[in-house]
Structures are given as structure tokens and as C-alpha cells.
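The values are calculated or read from the model by the stated rules, or taken from the named source; none is laboratory data. None of the values given here were measured: they were computed from a predicted structure. Here the Cβ is made from the backbone with ideal geometry for all residues, glycine too, and neighbour counts use every protein chain on show. Please note that ligands, DNA and RNA were not included when accessible areas were found on the heavy atoms of the full protein model with its side chains. Shrake-Rupley method; radii C 1.70, N 1.55, O 1.52, S 1.80 Å.
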Amino acid sequence: MSELYDVIILGGGPAGLSAGLYAGRSRLKTLLIEKGQAGGQIALSAGVENYPGQMLEGESGVTLANRMAEQCGRFGVERVSDVIRRAELSGEVKRLEGGGREYLARSVILAPGASPRPIGCENEARFIGKGVSYCATCDGAFFRGLDVYVAGGGDSAVEEAMFLTRFARRVTVIHRRDVLRAAKSIREKAFANPKITFLWDSVVARVDGSDALSSLTVRNVKTGTLTVISAPEEDGMLGLFGFVGYLPNTELFRDQLPLENGYIPTDADMRTAIPGVFAAGDARVKSVRQVVTAAADGAIAAVQAERYLTDHG
């Protein structure tokens with residue numbers, strides 16, 4: 001018979017690792033299930049500058065995640081690599097089925113994260129962390145004094161473009177239409193910013209470079225014309241930020257939990273609509289998705305899971 005855990009944490013990003021730390025310190029029998037490497041999306045960040053207490057001499061997403069994982073291990077959290085294909089979240093015992101194995105727990109913390117929707121250009125994956133990014137707050141400072149391009153035209157894309165002007169020499173918004181989808185107030189601020197220009201009716205078709213991104217091939221959607229944009233020789237690289245949406249990793253729970261645009265609604269204590277099931281991190285309905293907010297979610301979820309278990313003996 002499968003072992004019964006006090007809490008199973010699904011996802012090994014900052015939310016899941018923080019939840020593991022708090023659950024372990026509460027002496028709960030805890031299992032953390034992650035399908036990939038520790039850290040989730042943060043592991044793709046070449047540098048981290050905005051996490052409290054990070055190593056000042058230099059912190060990457062991988063080093064931060066590894067230290068979080070080591071903390072979990074110190075407090076007895078078990079970790080397993082598996083892909084969960086089926087979940088039964090109702091009832092007193094929650095069941096998760098992976099690759100030939102079943103996991104049982106009295107409570108579950110869902111921290112599956114959300115993945116940036118790809119821009120959809122050729123070679124995109126090759127340059128993630130080497131010029132291609134999906135988070136201006138995370139990576140904007142690494143492009144000080146460089147030319148930066150933003151793919152997208154909604155609220156997030158335009159707001160992030162304005163944020164990037166704090167660091168970049170120039171910011172060009174590449175949008176497939178001839179009018180922005182962003183709210184009027186946001187558009188007006190962007191149009192008034194002298195560091196922002198717009199490339200209309202266009203999409204990024206391809207990205208190229210050697211060790212770092214150094215050129216974009218842009219296609220005009222009306223004429224089909226291809227234009228190559230290269231970084232100035234003295235710079236050697238440029239930046240491309242994609243803001244065309246996120247894809248929360250919640251498909252597994254669609255038939256059991258109410259979702260809002262794919263995201264899991266919770267209360268302030270990370271409780272979902274199912275007793276004993278909590279959610280934390282980027283897959284949760286929230287306004288700010290950063291490492292520090294994910295870690296806070298995880299801590300709250302673990303504390304509330306411990307209280308749930310105490311109340312339900």
C-alpha cells in the first residue's frame with residue numbers, strides 16, 4: 001500500500017520549496033514532487049538581483065533554487081521526480097498518480113507554476129537566458145544601455161516596455177497589429193515616452209547569435225517582408241522580451257477546481273474550494289508573480305495546511 005503523507009507539494013519552484021521548508025520545520029511528513037529540476041521558471045534566470053538575502057556577489061536562478069532545496073532536505077522533506085497524470089483531490093485522502101506510482105496525502109499544496117507563452121519564433125528556446133526573457137523585473141537590469149525589443153501589445157507588454165526604459169537605451173515594441181490592445185491610459189504613457197518606439201503589423205520570425213542574442217528577423221504580417229535587426233557592433237547583443245501571456249500548469253485540475261482564465265482562485269490563506277487543498281505561486285490568481293511572492297504563498301500554504309491537519313486530527 002502507498003505511504004500516507006501529511007502533505008504532498010506538487011511543484012518544486014520557489015512556492016513549492018518554500019512550502020516544503022515550512023512544512024518540514026513543522027515536522028509534517030512531507031513529499032515534494034517535481035517533474036524537472038528544482039526552481040521551476042526561476043532556474044531559467046541567468047541572474048537574480050531582487051530576492052531578499054540573496055548572495056550579493058552574484059546569484060543565478062539555479063543557485064538560489066538549489067539552496068532552497070537543500071534547506072528543505074535539512075528538515076526532512078522527501079523529494080521525488082515524477083509527472084503527475086491524474087489527481088483525486090476530494091475526500092480526506094488525496095491521491096496523485098504518476099509514472100507507475102500512486103501518492104497519498106491528507107493535504108495537498110498545488111504549486112505547479114505557470115509558463116510564459118512562447119513568442120513563437122525560430123531558435124527561441126536556444127536564447128532563453130541569453131538575450132530572450134519573459135520577465136522585465138527579473139532581467140531588465142542586465143540590459144543596461146542596450147537596445148531592447150518587446151513582443152506583444154497588451155497591458156503587460158506595454159507596461160513592461162515602460163519599465164525596461166529605466167535600463168535600456170531604446171525599447172521597441174513589436175506588435176502584430178497597427179493598434180495596441182493595452183488600455184488607453186497605458187497607451188498614452190507609452191506614446192509619450194521618448195525612449196519607446198513601435199514596429200507595427202510585425203512579428204518576430206527568428207532570433208540569431210552565437211553566445212548571446214545579436215539579431216532578430218522581423219516579418220511584416222501584411223506584406224510578408226522580412227527585416228533583419230542587428231545589435232550595434234559595439235554592443236554585441238540585444239534583448240528580446242516576450243509578453244504574449246502565460247500558461248498556468250493547471251489542466252490536471254480543470255475538472256475538480258474552479259479556475260479563472262486557467263488560474264486557481266484562493267483566499268488569502270491559500271485555501272482552494274476543496275478542503276485540505278491549497279495553492280501557491282504563479283498558478284494562483286494574483287496580481288504580482290515574482291520569486292518573493294511565490295515564496296510567501298508557499299509559506300502561508302504550509303502554515304495553513306498544518307492548521308488544517310490539526311483541526312482534522
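Taking the numbered list (1) in a helix (DSSP H, G or I); (2) in contact (Cβ under 8 Å) with a residue 40 or more places away in the chain; (3) closer than 21 Å to residue 118 by Cα; (4) not acidic (Asp, Glu) in turn, residue 158 passes all entries but (2).
Please pick out the residue among 53, 61 that is open to solvent by less than 50 Å² (accessible area, probe 1.4 Å) and modelled with pLDDT under 90.
Criteria check complete, one pass: 61.
Per-residue answers, yes or no, for (1) open to solvent by 40 Å² or more (accessible area, probe 1.4 Å); (2) within 30 Å of residue 299 (Cβ to Cβ); (3) of a type outside the set (A, V, I, L, M, F, W, C):
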{"site": "201", "(1), (2), (3)": "no, no, yes"}
{"site": "204", "(1), (2), (3)": "no, no, no"}
{"site": "210", "(1), (2), (3)": "yes, no, yes"}
{"site": "216", "(1), (2), (3)": "no, no, no"}
{"site": "230", "(1), (2), (3)": "yes, no, yes"}
{"site": "236", "(1), (2), (3)": "yes, no, yes"}
{"site": "250", "(1), (2), (3)": "no, yes, yes"}
{"site": "256", "(1), (2), (3)": "yes, yes, yes"}
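Condition check for residue 157 on (1) surrounded by 15 or more Cβ atoms within 10 Å (Cβ to Cβ); (2) in contact with an Asp or Glu (Cβ under 7 Å, 6 or more places away or on another chain): one failure, at (2). Within region 1-33, the set of residues being outside any strand (DSSP E or B) and of a type in the set (A, V, I, L, M) comprises 1, 15, 17, 19, 21, 23, 28. The single condition from (1) over 25 Å from residue 290 (Cβ atoms); (2) open to solvent by 20 Å² or more (accessible area, probe 1.4 Å) that residue 147 fails is (2). Among residues of region 242-267 that are without any contact (Cβ under 8 Å) to a residue 60 or more places away in the chain, those with a Cβ under 6 angstrom from a residue that is among the hydrophobic types (A, V, I, L, M, F, W, C), sequence gap 6+ or separate chain, pair up as 258/273; 260/285; 265/285; 266/279.
Residue count for region 93-140, restricted to those that are open to solvent by 20 Å² or more (accessible area, probe 1.4 Å), touching a strand residue (DSSP E or B) at 6+ places or on another chain (Cβ under 7 Å) and farther than 30 Å from residue 288 by Cβ: 7.
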